[in-house]
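The structure appears below as structure tokens.
The values are calculated or read from the model by the stated rules, or taken from the named source; none is laboratory data. Note that this is a predicted model, so its numbers are computed, not measured. Note: ideal-geometry Cβ built from the backbone for every residue, glycine included; neighbour counts use all protein chains shown. These accessible areas exclude ligands, DNA and RNA; they are computed on the full protein's heavy atoms, side chains included. Shrake-Rupley method; radii C 1.70, N 1.55, O 1.52, S 1.80 Å.
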Amino acid sequence: MLGRASARLRQLFPQQAGSTSPGLARWHSAVSEVNGWLVLPMGFGGERHVTTAAWHGDKVLGAAVARELQAQCVGGQDELTRRFCAAVSNEHMAAHLDQLLPLTLLTLLPPAEERAAQVHDCGTLLEACVERVHHSGGADAIEELARYLLATATDTDADASEGEGGEARARREANPKGRLLELGGSVGPAEQVGGASHSPLFRAAASLGERRLAAEGGSKKAAEKAAAEKAAAEKAAAEK
């Protein structure tokens, strides 16, 4: 029975069967120890506490990427900002999720084509994994992940700027609500839907055309940002 299950996994994810992506051996080893139900965001059927773990993971990963940029002697604020934003964007992490996560986690998720409209959830998942690996003392593994994200972003996302300066790109990614307004959408005010007084949970809904998508966060601002990112990502995926 185990053999049949393994064969089925190889059919679902042939790019990972029996191989490890270059430069990710330590990361794969560390993240393979993570319990999937501790890092699965609500958008994928998980728990709301994952949002907090992802917040911490985001800071840990960001610091690792910044150190790697320094080690590579990247200079100029615009270039630093451009490469940093490309490496840690939800879109970039979502596009490489099959290479970054083990089969034990991937099998808990929808197929890749369905995940295309949930890039924020993909980013939350990976950031929560980073937090768990960091908690387990896997600093070297996170440094390896940072190098991989920078390398792949340099190769695959360089054309995304199309002449846009790093500062402009940073502002656009930091203000998804503004980006959604540019696309003709809107974000409603967030409302508290759960959580304790010291750890509330808010939900906001974004509208774009006939679509209405909701997202949650640990603050009103975070929930509204997540909803805007979700709506803008679905728009981008539909245009591809």
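Phi angles of region 60-77 translate, via the Karplus equation with coefficients 6.51, -1.76, 1.60 and θ = phi - 60°, into HN-Hα couplings of 5, 5, x, 5, 5, 5, 4, 5, 5, 4, 5, 5, 7, 6, 6, x, x, 4 Hz per residue; Gly and Pro are given as x. For region 43-150, the relative contact order works out to 50 percent when only alpha carbon pairs closer than 8 Å and six or more residues apart are counted.
By the rule of a C-alpha distance below 26 Å, with chain neighbours fewer than 8 residues away ignored, the lysines paired with Lys235 are Lys177, Lys220, Lys221, Lys225. Proximity of backbone amide H atoms, modeled 1.01 Å from N, is registered between Leu201 and Val193, Gly194, Gly195 at under 5 Å, excluding neighbours fewer than 5 places apart on the same chain. Ranked by the mean number of other Cβ atoms within 10 Å of their residues, highest first, the peptides 121-131, 80-90, 54-64 fall in the order 121-131, 80-90, 54-64.
The apolar share of the surface of region 86-141, taken as the fraction of accessible area on carbon and sulfur atoms (1.4 Å probe, ligands and nucleic acids excluded), comes to 50 percent.
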